[in-house]
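Notes to accompany the following structure.
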Amino acid sequence: MERKPVCLTIAGLDPSGGAGIIADLRTFGAFGCYPTAAVTSLTFQNTRGVFGAENQSAATLRGQVEPVLKDLDVVAVKTGMLPSKQCIDEVAELVEEFNIGTLVVDPVVRSTSGFDLVDDAAVRALVERLFPIASIVTPNMAEAEKITGIAIDSEDDVIDAAEIMQSQGARSVLIKGGHLRTIAPDRIARDHLFIFGEREDIDGEYHQTTDTHGSGCTLAAAITANLALGHELSASVKIAKAFVNDAIRTAVKIGHGNSPVNIPAIWRPE
């Protein structure tokens with residue numbers, strides 16, 4: 001029997017199942033990867049918003065991750081919510097200690113409902129410790145603004161933000177543009193991929209909907225899975241984009257807020 005590539009997500013737990021490690025694990029499985037996980041924060045949330053969190057210590061994080069890395073052949077790691085500088089330092093040390101070759105960093109800093117998930121010290125540590133060792137960093141527009149300190153209102157702003165992040169050590173940056181309607185044409189959701197300074201715009205269908213809970217986590221996890229499967233970075237991003245587009249398009253109303261995207265058990269693209 002063919003062995004499944006092992007993927008590890010290090011992120012927060014969304015008890016409502018729409019985002020965080022639950023979305024990541026489901027996405028890994030949809031691509032045929034073996035899913036593993038470590039919890040950085042127990043969040044208190046549902047489709048309506050985030051109401052609090054109980055963050056885990058760096059020691060607890062290492063206690064979860066180290067046995068997995070010692071036992072399983074982890075091909076790729078994806079990070080999501082990393083709530084403290086101490087946790088970020090621990091993740092960086094683990095990645096370097098175990099020679100993890102593929103690291104996807106989704107710089108989760110604030111929930112869609114406006115809840116700050118990390119403090120400024122954690123944002124600085126994220127940039128200083130994880131950007132230089134990441135295969136790709138996947139901020140949305142708001143996260144890119146927080147990280148770079150500039151307002152993004154145009155394509156030139158997107159380019160400036162990417163250049164700042166690459167000057168901070170990020171080799172490749174995917175700035176997700178679905179929230180910014182002033183750049184992409186109508187009915188187009190445009191993401192901006194920068195690989196060693198080379199820019200590529202990746203378009204997908206824009207869906208006028210609020211049922212996008214977990215879309216960012218799902219995209220980063222799908223990129224991770226496809227890199228683990230051996231696809232090149234640009235191809236992995238494009239496959240992940242199509243996957244999330246399908247997940248948004250087929251979302252079913254769950255809860256009374258922003259419903260989660262529809263992650264299939266097995267993805268069979270049309």
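The numbers here are math on the coordinates, done by the rules we state, and not lab data. The shown structure was predicted, so the numbers you read here are calculated from the model rather than taken from an experiment. Using ideal geometry, Cβ is built from the backbone for each residue, glycine included, and neighbour counts are taken over all protein chains shown.
Restricting attention to the stretch 63-115, report how many residues are among the acidic types (Asp, Glu) and in contact with a strand residue (DSSP E or B) (Cβ under 8 Å, 6 or more places away or on another chain). Explain how you work it out, then say what you get.
So in the stretch 63-115, the residues among the acidic types (Asp, Glu) come out as 66, 71, 73, 89-90, 93, 96-97, 106.
Still in the running and in contact with a strand residue (DSSP E or B) (Cβ under 8 Å, 6 or more places away or on another chain): 73, 106.
Going through the stretch 63-115 one residue at a time, the tally reaches 2.
For every residue, the table says whether it meets (1) basic (Lys, Arg); (2) touching a helix residue (DSSP H, G or I) at 6+ places or on another chain (Cβ under 7 Å); (3) part of a helix (DSSP H, G or I).
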| position | (1), (2), (3) |
| --- | --- |
| ILE202 | no, yes, no |
| HIS207 | no, yes, no |
| THR210 | no, no, no |
| GLY216 | no, no, yes |
| VAL244 | no, yes, yes |
| ALA247 | no, yes, yes |
| GLY255 | no, no, no |
| ASN262 | no, yes, no |
| TRP267 | no, yes, no |
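Of everything listed in (1) among the aliphatic types (A, V, I, L, M); (2) outside any loop (DSSP other than H, G, I, E, B); (3) buried (at least 20 other Cβ atoms within 10 Å of the Cβ), the single unmet condition for ALA251 is (2). Scanning the stretch 224-239 for residues that are among the hydrophobic types (A, V, I, L, M, F, W, C) and either over 18 Å from MET141 (Cα atoms) or assigned to a strand (DSSP E or B) (or both) returns ALA225, LEU227, ALA228, LEU229, LEU233, ALA235, ILE239.
Look through the stretch 1-50, keep the residues that are of a type in the set (Phe, Trp, Tyr) and surrounded by fewer than 24 Cβ atoms within 10 Å (Cβ to Cβ), and return whichever of them is farthest from the chain's Cα centre (by Cα). Please lay out each step first, then the result.
Let us first name the residues in the stretch 1-50 that are of a type in the set (Phe, Trp, Tyr), namely 28, 31, 34, 44.
Okay, now just the ones that are also surrounded by fewer than 24 Cβ atoms within 10 Å (Cβ to Cβ), so 31, 34, 44.
On the way: PHE31: 16, TYR34: 18, PHE44: 19 Å.
Among those residues, the one meeting the criterion is PHE44.
Quick one: count up the residues across the stretch 13-37 that are over 25 Å from ILE239 (Cβ atoms) and of a type in the set (Gly, Ala, Ser). Give the derivation first.
First, the residues of the stretch 13-37 that are over 25 Å from ILE239 (Cβ atoms): 13, 15-16.
From what's left, of a type in the set (Gly, Ala, Ser): 16.
The number of residues fulfilling the criteria is 1.
Across the stretch 65-120, what is the number of residues that are polar (S, T, N, Q), within 20 Å of THR224 (Cα to Cα) and without any contact (Cβ under 8 Å) to a residue 60 or more places away in the chain?
Let us first name the residues in the stretch 65-120 that are polar (S, T, N, Q), namely 79, 84, 86, 99, 102, 111-113.
Imposing the further condition that a residue be within 20 Å of THR224 (Cα to Cα) reduces the set to 79, 99, 102.
When the remaining residues are screened for being without any contact (Cβ under 8 Å) to a residue 60 or more places away in the chain, the result is 99.
The number of residues fulfilling the criteria is 1.
Looking only at the stretch 47-82, residues that are of a type outside the set (Ser, Thr, Tyr), outside any strand (DSSP E or B) and within 19 Å of THR218 (Cα to Cα) come to 4 in all. ALA221 meets the stated requirement of being in contact with a strand residue (DSSP E or B) (Cβ under 9 Å, 6 or more places away or on another chain), under 20 Å from VAL108 (Cα atoms), in contact (Cβ under 8 Å) with a residue 60 or more places away in the chain and surrounded by 17 or more Cβ atoms within 10 Å (Cβ to Cβ).
Out of the residues in the stretch 125-162 that are farther than 21 Å from GLY80 by Cα and without any contact (Cβ under 8 Å) to a residue 24 or more places away in the chain, which is surrounded by the most Cβ atoms within 10 Å (Cβ to Cβ)? First the steps, then the outcome.
From the stretch 125-162, those farther than 21 Å from GLY80 by Cα are 150-160; that's our starting set.
Checking the rest, the ones that are also without any contact (Cβ under 8 Å) to a residue 24 or more places away in the chain come to 150-151, 156-157, 160.
Numbers: ILE150: 12, ALA151: 10, ASP156: 10, ASP157: 20, ASP160: 15.
So the residue we want is ASP157.
The single condition from (1) surrounded by 22 or more Cβ atoms within 10 Å (Cβ to Cβ); (2) under 22 Å from GLN86 (Cβ atoms) that ARG62 fails is (1). Scan the stretch 9-29 and give yes if some residue there is among the acidic types (Asp, Glu) and closer than 19 Å to LEU219 by Cα, otherwise no. Scanning the stretch 9-29 turns up at least one residue that is among the acidic types (Asp, Glu) and closer than 19 Å to LEU219 by Cα.
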